[in-house]
Amino acid sequence: MRDYAETIGFLGQWGRFQQIVFFSLVATIMPNGFGAFTLVFLTDTPSHHCLVSGINLTEDWRKSVIPIKEVDGKQELSRCSRYRLDVVRNLSAQGYIPGRDVNLTDLEEEGCVDGWSYSKDIYESTIVSEFDLVCSNQWKQPFTSTVFFVGGLLGSFLSGQLSDRYGRKPVLFAALALQTVFTFAQVFSGSWIMFLIILFINGLGQMSNFVAALVLARLMPESPRWLLSRGRVEEAEAIIRTAAKWNKVQAPRIIFEDCGTEKMQTHSKEHYNVFDLLRQSSMRATTLILCFVLFTMIVGYYSLSFNTAQLHENPYISCFISAVVEIPAYISSWMALLYLPRRLSVILTLVFGAVPLYLIQLVPDDLSNLALLILDLKNQNQNSDSDSDSLDLSNLALALEMLGKYSITTGSSLMFAYTAELYPTVLRNTATGISNTVSRIGSCIAPLLLSLGMYYKYLPYIILGSLAVVAAFAALFLPESFKKPLPETIEQMQRRERVKCPCLTRNMTPVPVVPMDSSL
């Protein structure tokens, strides 16, 4: 049988059929972005303090019942404690004035036994305020996001296996149904546990949708490649003939020659699974490197994306800034896929993503005071540009973080296409699913990684930058797929050229390459 791409070359590259397939699949995965990043707002923590209500206190004591704590160099109301209410009530009744007659630091404190009062300046409510995920329950806030991504991890694994066995189309529509039902069900969650269960299933459906759509984007209603790999030649030909009609081109009388032979039928009955990705040394190395690179990309992408709520006082503006950065990133990814080698593109995005993350540490901690000092000095010199210069200085850290996100987003986007190009048809969905499964571990730990900033402000950036540098080196040993036909068999994949590590070449046993039979 001739090469698949050559066989269906008469369809053209961007006819009506391909356009309908593309925009249909785009419509199915658009809700995925909303599903993931609504968590930025759903899990955000509003300003809060202990609830004080239903008791008679003077105005002075009502304002003083919440202790003042220093957080990140700023004075603010304590979030998790108040002065003992029975003591405060007695002092108020006796006419004592706080700060004058009573030293507040000598008063005993207690927890928020009556609950919390949450600010509604930004949000009417979030799951944090609905289920009191603060103070001793604060760990539940990042854990909520982690549960969603654990669902996505399982979805990546299951969808790859199920798609290769039962087809891309059934899995895609099953995932869409799952998403629809459980997204609506979230609204009716009566407890945090119920919300977690529904969120987990929603994450599972979302990632199953994404993985199935990613591979199905090659053709539709069902992948002719997959049908051929299963020996279902007539169904594959029917889809190609339909595509030819939509594209207004003439299909040959026989599209897939020599596909009905006994050898092809025997080959189509072979079942492949995740262990086939690890049996051959060359495929094993490719799979492990891809998993690590994707893990690095995804942990970086979600860490920088979920950190957007901290970039500006208004989280909606923060999210807007972070989202706008992704537009040029996806355009850059598209241009890289068109004109640049895949391996080079991946390495460059990782390196350019790591550099600004390292540079963030060099920005002075007290940047605002430094900017005010510069502004004052320039005002003395009557420099009319002082306003804009100080503003640029105060936004330097933000610009560096967004530059890092731009590069990581570019790399994450092109990695999905790169992964699909490296594997043969019989393993493409399994490989895509497994690599996505491993990468989703990165999304699971992203909320926890950000929490390390409590111990050292720049620790998350250092970890992300270091991972990117190591992944860039590992990507050197990936095979190149730029302007090469998609492999149809495992043997074709093994023939792909790659950079060999000198320290391993000496001990490597050459993998025998089985000549391709023309009937395959």
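Bear in mind these aren't lab numbers, they're just calculated from the coordinates by the rules spelled out. Bear in mind that the values here come from a model prediction, so they are computed numbers and not experimental data. Counting neighbours? That spans all protein chains shown, and the Cβs are built from the backbone with ideal geometry, glycine included.
Rounded if a/c is under 1.5, else prolate if a/b is larger than b/c, else oblate: which is region 61-208, with a ≥ b ≥ c the root eigenvalues of its Cα gyration tensor? Prolate, because a/c is 1.5 or more and a/b exceeds b/c. Spin-label model, Phe34 to Ile122: label points 7 Å out along the Cα-to-beta-carbon direction sit 2.2 nm apart.
Taking amide H as placed 1.01 Å from N in the peptide plane, Ser81 has its amide H under 5 Å from the amide H of Cys50, each at least 5 places away in sequence or on another chain. Normalised radius of gyration (Cα atoms, divided by 2.2 N^0.38 Å) for region 20-133: 1.61.
Amide H contacts under 5 Å for Tyr118: none, restricted to partners 5 or more places along the chain or on a different chain, H placed in the peptide plane at 1.01 Å from N. Here region 275-335 and region 10-82 have alpha carbon centers that stand 21 Å from each other. Count Lys and Arg as plus one, Asp and Glu as minus one, and take only other residues whose Cβ is under 15 Å from that of Val147; the net charge is then +2. So which of Lys63/Lys120; Lys405/Lys457; Lys74/Lys405 end up more than 21 Å apart by C-alpha? Flagged as over cut-off: Lys74/Lys405. Within the shell defined by Cβ-Cβ distances under 12 Å, the residues around Glu110 carry a net charge of -2, with Lys and Arg each +1 and Asp and Glu each -1. Treat each spin label as a single point 7 Å out from the Cα along the C-beta direction, and report the Thr242 to Ser451 distance in nm. Here the modelled spin labels are 4.9 nm apart. Note on Ser47 and Val470: with the Förster distance fixed at 45 Å, the Cβ-Cβ geometry gives a FRET efficiency of about 0.70.
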